């Protein structure tokens with residue numbers, strides 16, 4: 001029985017890793033061992049940061065909403081409490097987009113929240 005020579009298989013495996021490592025600096029994009037280490041680490045970062053991205057965006061949306069309601073005499077927590085009491089169900093992403101774009105409907109939401117905080121509307 002003839003023996004199995006794995007040269008083409010190994011070359012394909014190496015090329016797959018080197019393809020993923022294109023653009024890395026120095027020998028990390030040209031040598032197999034360094035490229036393998038860097039692509040493994042890059043995969044770990046990608047996995048971690050897919051989750052961290054969600055946290056980062058939520059905090060960004062909160063900062064934008066807070067910055068938009070402060071000139072109207074409210075804080076972020078007061079604004080969100082007023083919206084909850086008013087029964088407005090908009091997520092932070094939409095509210096932040098409205099605040100960032102300077103939408104006139106956002107000002108109406110702020111007034112609605114103010115009314116429900118002071119207890120005028122029931």
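The values are calculated or read from the model by the stated rules, or taken from the named source; none is laboratory data. As the structure is a prediction and not an experimental result, all values here were calculated from the model. Please note: Cβ atoms are built from the backbone with ideal geometry, for glycine as well, and neighbour counts cover all protein chains shown.
For this structure, a couple of remarks:
- Residues of region 95-122 satisfying the condition of being within 24 Å of residue 54 (Cα to Cα) and surrounded by 13 or more Cβ atoms within 10 Å (Cβ to Cβ): 95, 96, 97, 98, 99, 100, 106
Let's see how each residue does on (1) free of Cβ contacts under 8 Å to residues at least 12 places away in the same chain; (2) surrounded by 10 or more Cβ atoms within 10 Å (Cβ to Cβ):
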{"position": "45", "(1), (2)": "yes, yes"}
{"position": "48", "(1), (2)": "yes, yes"}
{"position": "51", "(1), (2)": "yes, no"}
{"position": "57", "(1), (2)": "no, yes"}
{"position": "63", "(1), (2)": "yes, yes"}
{"position": "68", "(1), (2)": "no, yes"}
{"position": "71", "(1), (2)": "yes, no"}
{"position": "74", "(1), (2)": "no, yes"}
{"position": "77", "(1), (2)": "yes, yes"}
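- Helices (runs of 4 or more DSSP H) wholly inside region 1-100 containing at least 2 residues that are over 30 Å from residue 114 (Cα atoms) and modelled with pLDDT under 95: 7-20
- Only one of the numbered conditions (1) surrounded by 14 or more Cβ atoms within 10 Å (Cβ to Cβ); (2) more than 25 Å from residue 54 (Cα to Cα) is violated by residue 92, and that is (2).
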